[in-house]
Amino acid sequence: MHQLFKLLKIVNITICIAVISMNAFAEWQGDLQYKPPKENLEAREWFQDAKFGLFVHWGIYSILARQEWVMNNEKIPVQEYEKLAPQFNPVKFDPDEWCRMVKDAGMHYITITSKHHDGFAIFDSEVSDYDIVDRTPYGRDVLKMLADACERHGLKLYFYHSQLDWHHPDYFPRGRTGNYDSGRPEYGDWVKYLDYMNGQIKELCTNYGKIGGIWFDGMWDKPETDWYLATTYRLIHDLQPQAMIGSNHHRAPFKGEDFQMFEKGLPGKDPYNKEGTVSALPLETCETMNDHWGYHKDDKNFKSVRELIHYLVKAAGNNANFLLNVGPKPDGTIQPEFKERLAEMGKWLRINGEAIYGTRGGPVPPQEWGISTQKNGIIYIHVLDISDNVIAIPDIKRVNEMTLLDGTRVEYEKTKSGITITLPEKGRDQYDTIIVVK
Ligand code: JFZ
């Protein structure tokens, strides 16, 4: 009997230790003490109301015109890759024109790559000379130019910053990528790398006015590593309390993060987030307009305006923002195929934006035919695919008035589980017929 008790005690202790360490493992990254202040909570509301932003992948990789992963994919040694910098001369870059394009598209913010995985900073950095001011004939800080333009045009600016770095020698031990013989030494000081990274983060939070936030990416390259996120996140929140932190680590958000992003898919349906967690934080999903993020000269697989509008509407119905990407050319211009699509989306939003901006995901769960959004007690039913003139809507119990956005009356009938709507012949929209339910 005594022996049995002893055994049970050992088993019990082992289980306790296992449970504690599992919890610790899930929570060891992040800023465990973080409580968002008022200005951060307000920034989150603004963000959720804004709904639509422009993602920009721009760097010296655009010269090769084979997307932003070209250094890793083609195993280019650091010394070779560095030769791109003296060729980067975006003389046609016009930040005011970019901002006008963004506003005209109905977007409210820009998220631009301050540094991508290749390690090259397109801003003026003091902690490194591997940047646009020190290494290119252009010699100007394009982020500063863009930040000033955004200020003039009333847009918010966020920075995408890669934690993963294929260039810095102290990014060591190496992760899943950038593992080829790049000419970097086979040793390095991880803490020195993090100091360098935090140094650049500090610059981004100091020299560009009030920023929207930081969009991190690349932790997934070394998931087992301690990134000392509390240090990085506190640095940002101390310097800019309203700044929203998000990280594309494809897991449930860590403490200290202010929004959750999804890549190439609606919340919980994206291909990378295996956990499928959708948190209570503000949500954002990003997508490319063709098949690459950075400029790719041969990629003509453009999504149609219809597909892009449907993506925006479905994101809104899933309570998420849509961050739509362009990869500018090395000369600073944006290709016409991108500009045309953005302009068309803007045209559509000028008429239908009421049912998108300022809304949250609606009470009717996503259906075959479409989704719903809501704002101030009004439900917007978005009919994206009409195969039938009559649609059944569950979960709506009381209706005072039902019209199209332009005021045309809509006929409906009450049923046991909700209502059925007969779509009017006139006033339908080619992309999304919106029914306003009061
Ligand atoms: C990341 C970047 O690698 C990419 O270049 C782009 O910036 C995008 C927005 O974000 O995309 C990823 C990140 C991780 C994986 C795949 C794509 N992954 O782990 O398979």
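The values are calculated or read from the model by the stated rules, or taken from the named source; none is laboratory data. Owing to the predicted nature of the structure, the values given are computational and were not obtained by experimental measurement. Using ideal geometry, Cβ is built from the backbone for each residue, glycine included, and neighbour counts are taken over all protein chains shown. Accessible surface areas use protein heavy atoms only, side chains included; no ligands, DNA or RNA. Shrake-Rupley method; radii C 1.70, N 1.55, O 1.52, S 1.80 Å.
Specify the residue that is surrounded by the most Cβ atoms within 10 Å (Cβ to Cβ); the eligible residues are those in region 226-241 that are among the charged types (D, E, K, R) and touching a residue at least 40 places away in the same chain (Cβ under 8 Å).
Taking region 226-241 and keeping what is among the charged types (D, E, K, R), we get 226, 234, 238.
Subset that is touching a residue at least 40 places away in the same chain (Cβ under 8 Å): 226, 234.
Values: 226: 11, 234: 14.
Here the answer is 234.
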Item to check | Which numbered condition residue 99 fails, given (1) surrounded by fewer than 18 Cβ atoms within 10 Å (Cβ to Cβ); (2) more than 18 Å from residue 293 (Cβ to Cβ) | outcome: (1)
Next on the checklist: Within region 166-180, does at least one residue satisfy the condition of being in contact (Cβ under 8 Å) with a residue 12 or more places away in the chain, polar (S, T, N, Q) and open to solvent by less than 10 Å² (accessible area, probe 1.4 Å)?
Outcome noted: no
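In this structure, is residue 243 within 30 Å of residue 154 (Cβ to Cβ) and under 18 Å from the mean Cα position of the chain (by Cα)? Break it down into steps so the answer makes sense when it comes.
Working: within 30 Å of residue 154 (Cβ to Cβ): yes; under 18 Å from the mean Cα position of the chain (by Cα): yes.
Against the criterion (within 30 Å of residue 154 (Cβ to Cβ) and under 18 Å from the mean Cα position of the chain (by Cα)), residue 243 qualifies.
If you scan region 349-367, which residues turn out to be outside any loop (DSSP other than H, G, I, E, B), under 14 Å from residue 437 (Cα atoms) and open to solvent by less than 50 Å² (accessible area, probe 1.4 Å)?
Residues of region 349-367 that are outside any loop (DSSP other than H, G, I, E, B), as a first pass: 349-355, 360-361.
Then keep just the ones that are under 14 Å from residue 437 (Cα atoms); that gives 354-355.
Across region 349-367, the qualifying residue is only 355.
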Item to check | helices (runs of 4 or more DSSP H) (entirely within region 89-205) containing at least 3 residues that are more than 23 Å from residue 249 (Cα to Cα) | outcome: 95-104, 132-135, 142-153
Checklist entry - Looking at (1) within 17 Å of residue 217 (Cβ to Cβ); (2) modelled with pLDDT of 95 or more, which is the one condition that is false for residue 270? => result (2)
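From the list 122, 110, which one is without any contact (Cβ under 8 Å) to a residue 60 or more places away in the chain and either of a type outside the set (Gly, Ala, Ser) or open to solvent by 10 Å² or more (accessible area, probe 1.4 Å) (or both)?
After ruling out the rest, the residue left standing is 110.
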Item to check | Filtered residue count, region 208-225, keeping only those that are assigned to a loop (DSSP other than H, G, I, E, B), within 14 Å of the ligand (Cβ to nearest atom) and surrounded by 17 or more Cβ atoms within 10 Å (Cβ to Cβ) | outcome: 2
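Name every residue in region 410-426 that is among the charged types (D, E, K, R) and either in contact (Cβ under 8 Å) with a residue 40 or more places away in the chain or surrounded by 11 or more Cβ atoms within 10 Å (Cβ to Cβ) (or both), in order of residue number. Full working, then the answer.
So the first thing to find is which residues in region 410-426 are among the charged types (D, E, K, R), and the list is 411, 413-414, 416, 425-426.
The answer is 411, 414.
Taking region 61-105, which residues are of a type in the set (Val, Ile, Thr) and either within 24 Å of residue 165 (Cβ to Cβ) or within 16 Å of the ligand (Cβ to nearest atom) (or both)?
Initially, region 61-105 is screened for residues of a type in the set (Val, Ile, Thr), giving 63, 70, 76, 78, 91, 102.
Correct list: 63, 70, 76, 78.
Criterion first (under 30 Å from residue 140 (Cβ atoms), of a type outside the set (Phe, Trp, Tyr) and either crowded, with 17+ Cβ neighbours inside 10 Å or touching a Leu at 6+ places or on another chain (Cβ under 9 Å) (or both)) does residue 370 satisfy it? Explain how you work it out, then say what you get.
On the way: under 30 Å from residue 140 (Cβ atoms): no; of a type outside the set (Phe, Trp, Tyr): yes; either crowded, with 17+ Cβ neighbours inside 10 Å or touching a Leu at 6+ places or on another chain (Cβ under 9 Å) (or both): yes.
Taking the combined requirement at face value, the residue does not satisfy it.
Go over the candidates 134, 165, 118, 148 one by one and state the one that is over 19 Å from residue 240 (Cα atoms) and away from the ligand (no atom under 16 Å from the Cβ).
Working: 165 fails: away from the ligand (no atom under 16 Å from the Cβ); 118 fails: away from the ligand (no atom under 16 Å from the Cβ); 148 fails: over 19 Å from residue 240 (Cα atoms).
134 is the lone residue from the list that is over 19 Å from residue 240 (Cα atoms) and away from the ligand (no atom under 16 Å from the Cβ).
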Item to check | Test: residue 145 is surrounded by fewer than 20 Cβ atoms within 10 Å (Cβ to Cβ) and not β-branched (Val, Ile, Thr) | outcome: yes
Checklist entry - For region 31-77, what are the residues that are open to solvent by 10 Å² or more (accessible area, probe 1.4 Å) and part of a strand (DSSP E or B)? => result 66
